[in-house]
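Everything below concerns the one structure shown next.
Any read-out appearing in this document is the output of simple, stated calculations on the displayed coordinates, not a laboratory observation. On a predicted model such as this, the values are computed, not experimentally measured, just so you know. Cβ placement follows ideal geometry from the backbone for every residue including glycine, while neighbour counts extend to all protein chains displayed.
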Amino acid sequence: MKRKYLPLLILVLTLATLGILLFQHISLTKQTPIWDSFTYAQKAKNFWDAVQKFQFLEPQTWVSPLNIEPTTRPPGTILMSYPFGFSDNPDEFFFRSIFLPIILFVAALWIIAKPYCVTLKDQWLLVALCLAFATLPLFYHFEPSIDSRLSSPTYWGLVDNFIASVAALATALVIRGVQEASMRLTFAGIITSTFCLFIKPSGGLVMATIFFVWAIYAIVQYKWQRNISTRKYLILSVSTFFFVYVLGLLLSLTSHYFSTRNMVYGRNAVKILKQESIFDKDYLQVLIAQIHVSFGWHWLTFIFLSVIFSFWGISKQSNIKSFKALPVDLISALGVLLIGLWFWLLGTHQSQIRYFFPFALICIVLLFPRIKILCSEISHKYFKIMIFPLVFPMLLLLFLLTSNPPIELQRILGVNLTSGSLANEIKQAKSLLEDANKKKVDLNVYSVGTGYITGIFGGVGLYEKMLYPHLNSFNLQYPLNWITESTFRFSEILSSDYLLIDNPIKNQLEGINILKNTEVPDFAIETNLFHAWLSTINYDNAGLVVESETSLRLLKIIDNVKLEKALNELRSKYKWRQVFLNANPAKWINADAAKTLIDKSYPEFRDIGFSNQFILLGAFTKRTEDGLTIELVWQSLKDQPLKYFNFVHILDASQNIISQADYEQDDAKNMVTKGTIWHDTVKIKANQLNGAKAIGLGIYLPQSTLLVTDRGPSDWNKHRLLLNLDMNQSQ
């Protein structure tokens, strides 16, 4: 009697050993959460802060977990990130993001295949298969690696494996439920399926997919067993699916989680991902690489051969009863596969295979009983030969976790077990953090690259600010922000304190070859060009100095005037995309360029002086899809620094200010000579123009001077120039 529990005990002990080794290995890291994983940590911290403030008798302390910031992250993620309260040390968070999905997936495999285990030998085979599939490469991607030989579709702290394993568990429960006509199992599967919605927004598609799978099995089951109890089960199950799913969707739709703002942000992020991705040119190569580091070609081959041999088993009439449900499994798996491939390759992007994980694990769960039956058929004669290759990957993985795993072996297996390799980069970031606290200012760092290593550097500053908001820190800014089209913006660079380069080019010739190309047709080439330029430029001439260097080079901006001049020179040498030109209009222009703009100007807004210091040579407006653009051409009437501010008032019919778009004359406050001409472009969003009838323009110093106009339509005793929006704006 006790022997029948031994296989399960061995499975549990093996997984426990795996968990211990994983935790020891992960604890080597000094990394803080980055990017998406940072927002999951942020969600958990805000949730547990709200729990501490909660008092049942005080309604003002009540708050829906779905409405806790960041609302783009649902509360289901907390079960993986910080289920027992928030901790400053993220090691346990990273550990759970790796280990919990493995446990849930193995549980799903055990649940779906256990009914097919008649003998003790069958149970041992099931244990071996569970351990085999627990070594899928997608589960084992830890810290981003500096070594270019290792690539990863994910990194620890993400929830993609978590939602995938929850989906697999839900699938196993609903299939067992329909096979046994058990409402208990089906209800557990429905609840687990609905929970996917509260892990990621794509959980809605996962829910629909699981219902699709259940429906196929339910229809077949009803055809096989047309009796009253089956009919009652089906009616009750459909009602439960409908009630629980609708309740989950209503909770989401009536909260900030599924707000219009979040939905627009999500769609815009996917749009930008597709526009700016560097992977489109090597489509097939990217797919092959992504599949290798997610599933491993050895496991895909094993699953494919299992299906082929299953058909062979039917043709040989080896065990017709065992293979009776094979067509149902294959049809269901094919349907799920097509849904997942559509979502991955068309709904998102081929570089983001992690969005395919839930559908892949559901497919494995659907086919797993057939794989188990097939292996049982083969193992009657070759049991020991069958067991060893199944458990070998787990034994190899356990060995790798006890040592310093060779890079080449990790590459072959498709895993990335890196942990603790970025100590120097993190120390570099902490040094900057100390500098910010010493100076008692928040520092801005502009990152030229958008890779993992720069993300880890920036994560140090973000995480510190989240833990101790009263202390000074640093913020990392990228040319890629998932809101607007990606490009390098000079205004953001010049307003920064530091520039950060990932893996700067050491070979000057390599950098020069990149800079030879005069065409900049996309964001990827634009990034490479800036990377090469900042790697090879003479830093003294550009107003820069190297602050520190690891695999990252941190450059301190010491002279904005020099840097702006260097950037303008760079701008003049290349043929840029229109989005870059729009983001970086040529500020300093000559008389010929000024004349072209002045010719478009309204006559009454030409040559208007401001206190004998500046003259507005011309002004005109044009409507855009996003709102209104104002073009202004200025000239200095004397040698002076551009230390003033331009105010831009959006006015209603009574000339009351309803919105503003003020800006500095020059971020760097450059010293200009008499006769210097520059061009300003002011963008006003559409929502700022509701009820607007005019634009008020003027020049001022905060808490001080307000310059006077010498002519033109004005108010405020000639301190504010008035531009009527009813004027012809078709120019």
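Things worth noting here:
- Modelled FRET efficiency - R0 60 Å, Trp716 with Tyr283, Cβ distances, 0.05 increments: 0.50
- A crude spin-label estimate for the pair Thr17 and Asp559, with each label 7 Å from Cα along the Cβ direction, gives 6.4 nm.
- Around Glu631: net Lys/Arg minus Asp/Glu count, Cβ-Cβ under 11 Å: +2
- For the range 628-707, diffusion coefficient by Stokes-Einstein and Kirkwood Rh (Cα), 10 °C, 1.306 mPa s, µm²/s: 116
- Computed over the alpha-carbon pairs of the range 77-222, the distance histogram in 5 Å steps reads 2, 9, 16, 17, 18, 16, 11, 6, 3, 1, 0, 0 percent, short to long.
- Model label zone, Phe645; criterion: amide N under 19 Å from point 7 Å along Cα-to-beta-carbon; scope the range 496-529: 496
- Relative contact order for the chain, counting Cα pairs under 8 Å that sit 6 or more residues apart, in percent: 11
- Proportion of all alpha-carbon pairs of the range 1-47 beyond 17 Å (%): 61
- With the simple model of a label 7 Å out from the Cα in the direction of the Cβ, Asn568 to Trp297 spans 5.5 nm.
- The spacing between the range 347-418 and the range 6-81, judged by their C-alpha centroids, is 26 Å.
- Built amide H within the under 5 Å cut-off of Thr676, gap 5+: Ser636
- Charge sum, other residues only, whose C-beta stays under 14 Å from Phe645's C-beta, Lys/Arg counted +1 and Asp/Glu -1: -2
- Based on alpha-carbon atoms, the Kirkwood radius and the radius of gyration of the range 15-413 give Rg/Rh equal to 0.97.
- Annotation: lysines with alpha-carbon distance below 23 angstrom to Lys4 (same-chain offsets under eight excluded): Lys114, Lys121, Lys372, Lys381, Lys384.
- Debye-sum result for the chain in log10 I(q)/I(0), which assumes one identical scatterer on each alpha carbon, at q = 0.08 Å⁻¹: -0.78
- Ranking of Val365, Val682 by count of other Cβ atoms within 10 Å, fewest first: Val682, Val365
- Electrostatic bookkeeping for Glu180 treats Lys and Arg as +1 and Asp and Glu as -1; over the other residues with beta carbon under 15 Å from its beta carbon, the sum is +4.
- Considering only the Cα atoms of the range 588-724, their convex hull presents on average a projected area of 8.1 nm².
- Relative contact order (%) - the range 423-583, alpha-carbon pairs under 8 angstrom, separation at least six: 25
- The simple spin-label model puts a point 7 Å past each Cα toward its Cβ; for Thr61 and Ile191 those points are separated by 2.8 nm.
- Sites Asn475 and Leu120, calculated FRET efficiency, Cβ-Cβ separation with R0 41 Å, nearest 0.05: 0.10
- Three semi-axes of the equivalent ellipsoid, the range 600-654, Cα gyration tensor, whole Å, largest first: 23, 14, 12
- Ordered by the count of other Cβ atoms within 10 Å of each Cβ, fewest first, Trp533, Trp35 give Trp35, Trp533.
- Principal axes of the range 423-583: Cα extent on each, largest first, Å: 45, 33, 30
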